[in-house]
Amino acid sequence: MKKLLDNIQAPGDVKKLDTHEMKQLCDEIREFLVENVSVTGGHLASNLGTVELTVALHKVFDFPSDTLIFDVGHQSYVHKLLTGRRDKFGSLRRFGGLSGFPKRSESIYDAFDTGHSSTSVSAALGMARVRDLEGGKSNIIALFGDGALTGGEIYEAFNDAGHTKTPLILILNDNAMSISKNVGAVSKHLRNIRINRLYFLSKRRVSNFLDRVPIAGRILRGAIERIKTIVRRRVLPTTLFEDMGFKYIGPINGHDIASLITCLEYAKLEKRPVLLHVKTVKGKGYAPAEKHPECFHGVGKFDPRTGEIAPGGESYSSCFGKKLIDIAALNKKVTAITCAMPEGTGLVEFSKKFRERFFDVGIAEQHGVTFAAGMAAAGYTPVIPLYSTFLQRAYDQALHDVCLQDLHVVFPVDRAGLVGADGETHQGVYDLSYLSSMPNMTILSPSSFAQLEDMLEYAVNEHNGPIAIRYPRGGAQSPFEYEGFRINDAYIRKAGRDITIITSGRMVIRAAEIENILKCRGISVEIVELPTVHPLNEAAVIAAAMKTKHVVTIEDNVKSGGLGEHIADILLENGVQCKFRAFGFPLTPIVHGTIDELDKKYGMDAETISVSIIKMMRD
């Protein structure tokens, strides 16, 4: 039997449906999402929660003449389905396939590339200002979750938009969740807001009547507005959004498509900033995701019938979490800080065992880092694990509030290097470059779980000043026997005479693969691992180069500002004569795909590097 979803090729197709058909379409979309994401992996729970809302948006507005901007963007799957991309969903998050986030190069219906939280209102306001400068009449809509309200940038945008009265429509998708359960005063404020949908229907009828009465209608409308405002402020508390200058509508049942359409149509008529507060259930319509939305936020393959998720195995994140518990049990000055990601960074058990020393600050990396700086200045040792891509958001705080004061803050940098399917906005290939430019910063890079444990012990209990430990997603470990960790030591993992490979972290495995390939070509490779990647052991670098006169560096970071450039500077400044080549990722957005596929695409696989080394040896 042909489904309604099969007939949806563009937003105009949704406009042809009546309310009953739209409800059927929503059911079909949920079925489709569960079936497809169970195979490809992806962000399931957030998309299940926004099905009716997205369908209603496409019913009411005219995209792409109107503009829809997603905050973060992992809830854009339904939008992709309704804009002609259903047949490509088998390629979701796969190399060369659909992105898991909005992408301007992918579709005219994707207005802005997103991947980080709290950015949508700023972008929408910028577009609205251009529309006004051009004399346009289009609707600019920003859709964001309540988790975005824990980030500071969105309030800067609220303040600007509310003050200047620029017409735009903001939609707050309130599901009491970001990745983990939301925390904080804003979350509590949202839970307390209540309103009746019938109010808007009656107001709209009165407004239409007054519009038909020329002069008296305008006078009466103004009087009603003033009286209503006075009475409401005496009887009811105002919302945060009204106080900032927005017309507030809500809360609206985000799964009642008729209510959504009514309120969206009303918002279109307003000529000022409007905020629609929509209440949804994350994971709606799929019992396992409703019960455990945090598990189905970003999920791998799973059984769609039972919801059973394929086991992921031990990872650097889980190893970090276990070791931090051991350290904190003996060191009462250790605290752990998360920015709404206790599950993703391995802090769940820590939060249970040391509740009083665990702090979830929400999606607020800037606040989190300066909060850690305050703790360090007061004599404690804060540990703040962040994904590499999210630590970027607190660059100034890490530099200004931590490094310039030489404060002892420990930064476990999770998902450093390639992360794979999440693509451009999440690849962690910049942290070595930006952290190594900061004064007083020390950067470590483990190649095994045992090394990570020893590094964490050192970073917390022995080191003074800011220190970062960058480790990759997953659990790939060095093939070489572990020899312990000492700060700033260099380790010869394989002795050789013809060429030296200097590397660290995940790329120690790559060096071992290259050594096996070159050995078959009669080239003897020396592998030097530098677990301390900043500051570098200059003596060890010079000695390695002097031995073979051929040096190659391999890093899971962009070449610009990375390990290779720092080593090249050392060799140049010390007058070391040798052939040198640095391998790292280019300064271009790194697309989505598996890590192996991306290594191959950007020339970082063992075979490609081996060919380059052979050519280097011959020239």
Practice item. Could you list all residues from segment 160-169 that are touching a residue at least 60 places away in the same chain (Cβ under 8 Å) and either out of contact with any helix residue (DSSP H, G or I) (no Cβ under 6 Å at 6 or more places or on another chain) or surrounded by fewer than 16 Cβ atoms within 10 Å (Cβ to Cβ) (or both)? Key: GLY162, HIS163, LYS165, PRO167
Practice item. For residues that are aliphatic (A, V, I, L, M) and open to solvent by 30 Å² or more (accessible area, probe 1.4 Å), scanning just segment 312-332, find the one that is farthest from LEU92 (Cα to Cα). Key: LEU330
**Study point:** Count of segment 550-562 residues which are closer than 8 Å to ALA582 by Cβ and not in a strand (DSSP E or B)
**Key:** 2
Practice item. Name the residue, out of LEU407, LEU418, that is buried (at least 24 other Cβ atoms within 10 Å of the Cβ), in contact (Cβ under 8 Å) with a residue 40 or more places away in the chain and not polar (S, T, N, Q). Key: LEU418
Check your understanding: Can you find a residue in segment 55-66 that is farther than 20 Å from ALA123 by Cα, charged (D, E, K, R) and touching a His at 6+ places or on another chain (Cβ under 9 Å)?
Key -> no
Revision key, fill the gap. Within segment 71-86, residues being under 13 Å from VAL37 (Cβ atoms), hydrophobic (A, V, I, L, M, F, W, C) and assigned to a loop (DSSP other than H, G, I, E, B) number 0
Check your understanding: If you check every pair at least six apart or on different chains, which have Cβ atoms under 8 Å apart with a residue in segment 323-351 that is within 29 Å of SER117 (Cα to Cα) and in contact (Cβ under 8 Å) with a residue 60 or more places away in the chain first and a residue that is of a type in the set (Lys, Arg) and open to solvent by less than 30 Å² (accessible area, probe 1.4 Å) second?
Key -> VAL334/ARG357
Check your understanding: If GLY474 passes every condition in (1) closer than 30 Å to HIS426 by Cβ; (2) at pLDDT 95 or above but one, which one does it miss?
Key -> (2)
Check your understanding: If you go through segment 558-574 one residue at a time, do you hit one that is more than 30 Å from THR114 (Cα to Cα), crowded, with 19+ Cβ neighbours inside 10 Å, over 34 Å from the mean Cα position of the chain (by Cα) and among the small types (Gly, Ala, Ser)?
Key -> no
Check your understanding: Any idea how many residues of segment 351-385 are in a strand (DSSP E or B) and of a type in the set (D, E, K, R)?
Key -> 1
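How about segment 104-159: which of its residues are part of a strand (DSSP E or B) and either aromatic (Phe, Trp, Tyr) or open to solvent by 10 Å² or more (accessible area, probe 1.4 Å) (or both)?
Within segment 104-159, PHE144, GLY145 qualify.
When the residues of segment 366-388 are filtered to those that are open to solvent by less than 20 Å² (accessible area, probe 1.4 Å) and touching a residue at least 40 places away in the same chain (Cβ under 8 Å), which remaining residue is farthest from GLY115 (Cα to Cα)?
Of the residues in segment 366-388, the ones open to solvent by less than 20 Å² (accessible area, probe 1.4 Å) are 368-369, 372-373, 376, 381-386, 388.
Checking which are touching a residue at least 40 places away in the same chain (Cβ under 8 Å) leaves us with 369, 381-386, 388.
On the way: VAL369: 20, THR381: 31, PRO382: 27, VAL383: 25, ILE384: 21, PRO385: 19, LEU386: 15, SER388: 13 Å.
Step by step, filter segment 366-388, then rank; the result is THR381.
Among the residues of segment 561-604, how many are without any contact (Cβ under 8 Å) to a residue 12 or more places away in the chain and farther than 19 Å from LEU98 by Cα?
Keep residues of segment 561-604 that are without any contact (Cβ under 8 Å) to a residue 12 or more places away in the chain, which gives 569, 572-573, 575, 588, 596, 600.
Subsequent filtering for residues that are farther than 19 Å from LEU98 by Cα retains 569, 572-573, 575, 600.
Total satisfying the criteria: 5.
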Review point. Can you name the condition, by its number, that ILE309 falls short on among (1) out of contact with any strand residue (DSSP E or B) (no Cβ under 6 Å at 6 or more places or on another chain); (2) open to solvent by 50 Å² or more (accessible area, probe 1.4 Å)?
Key: (1)
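Name the residues in segment 432-441 that are open to solvent by 10 Å² or more (accessible area, probe 1.4 Å) and over 17 Å from GLU555 (Cβ atoms), would you? Outline the logic, then answer.
Going through segment 432-441, the residues open to solvent by 10 Å² or more (accessible area, probe 1.4 Å) turn out to be 433-434, 436-437, 439-440.
Within segment 432-441, PRO439, ASN440 meet the criteria.
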Exercise for review: Would you confirm whether any residue within segment 574-595 is part of a helix (DSSP H, G or I) and closer than 18 Å to GLU526 by Cα?
Suggested key: no
**Study point:** Filter result (open to solvent by 30 Å² or more (accessible area, probe 1.4 Å), under 19 Å from SER107 (Cβ atoms) and within 26 Å of the chain's Cα centre (by Cα)) within segment 1-35
**Key:** PHE32
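Please work out which residue is most open to solvent (accessible area, probe 1.4 Å), limiting yourself to segment 421-431 and to residues that are assigned to a loop (DSSP other than H, G, I, E, B) and of a type in the set (D, E, K, R).
Of segment 421-431, the ones assigned to a loop (DSSP other than H, G, I, E, B) are 421-427, 429-430.
With of a type in the set (D, E, K, R) added as a condition, the list becomes 422, 424.
Values: ASP422: 25, GLU424: 56 Å².
If we take residues in segment 421-431 being assigned to a loop (DSSP other than H, G, I, E, B) and of a type in the set (D, E, K, R), then GLU424 is most open to solvent (accessible area, probe 1.4 Å).
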Exercise for review: Would you please name the residue that is least open to solvent (accessible area, probe 1.4 Å), looking only at residues in segment 44-84 that are under 24 Å from the mean Cα position of the chain (by Cα) and on the phi > 0 side of the Ramachandran plot?
Suggested key: GLY73
Review point. Can you pull out the residues in segment 307-343 that are closer than 17 Å to PHE449 by Cβ, among the charged types (D, E, K, R) and at pLDDT 95 or above?
Key: LYS322, LYS323, ASP326
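Considering PHE101, PHE89, which residue is among the aromatic types (Phe, Trp, Tyr), in a helix (DSSP H, G or I) and open to solvent by less than 20 Å² (accessible area, probe 1.4 Å)? Explain how you work it out, then say what you get.
Details: PHE101 fails: in a helix (DSSP H, G or I).
The match here is PHE89.
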Practice item. Residue by residue through segment 389-404, note down the ones that are aliphatic (A, V, I, L, M), surrounded by fewer than 21 Cβ atoms within 10 Å (Cβ to Cβ) and either touching a residue at least 60 places away in the same chain (Cβ under 8 Å) or farther than 17 Å from ASN464 by Cβ (or both). Key: LEU399
Review point. Which of the residues spanning segment 274-292 are open to solvent by 10 Å² or more (accessible area, probe 1.4 Å) and farther than 29 Å from ALA157 by Cα?
Key: LYS284, GLY285, TYR286, ALA287, PRO288, GLU290, LYS291, HIS292
Check your understanding: Across segment 216-241, which residue is modelled with the lowest pLDDT among those that are of a type outside the set (Ser, Thr, Tyr) and within 29 Å of the chain's Cα centre (by Cα)?
Key -> LEU240
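Among GLY307, GLY321, which is on the phi > 0 side of the Ramachandran plot and either in contact with a Ser or Thr (Cβ under 8 Å, 6 or more places away or on another chain) or assigned to a loop (DSSP other than H, G, I, E, B) (or both)? Before you say what the answer is, go through the steps one by one.
Numbers: GLY321 fails: on the phi > 0 side of the Ramachandran plot.
After applying the criteria, what remains is GLY307.
The values are calculated or read from the model by the stated rules, or taken from the named source; none is laboratory data. Model, not experiment: these values are computed from the prediction. Positions of Cβ are generated from backbone atoms using ideal geometry, with glycine treated the same way; all protein chains shown enter the neighbour counts. Just the protein is used for accessible areas: all its heavy atoms, side chains included, with ligands, DNA and RNA removed. Shrake-Rupley method; radii C 1.70, N 1.55, O 1.52, S 1.80 Å.
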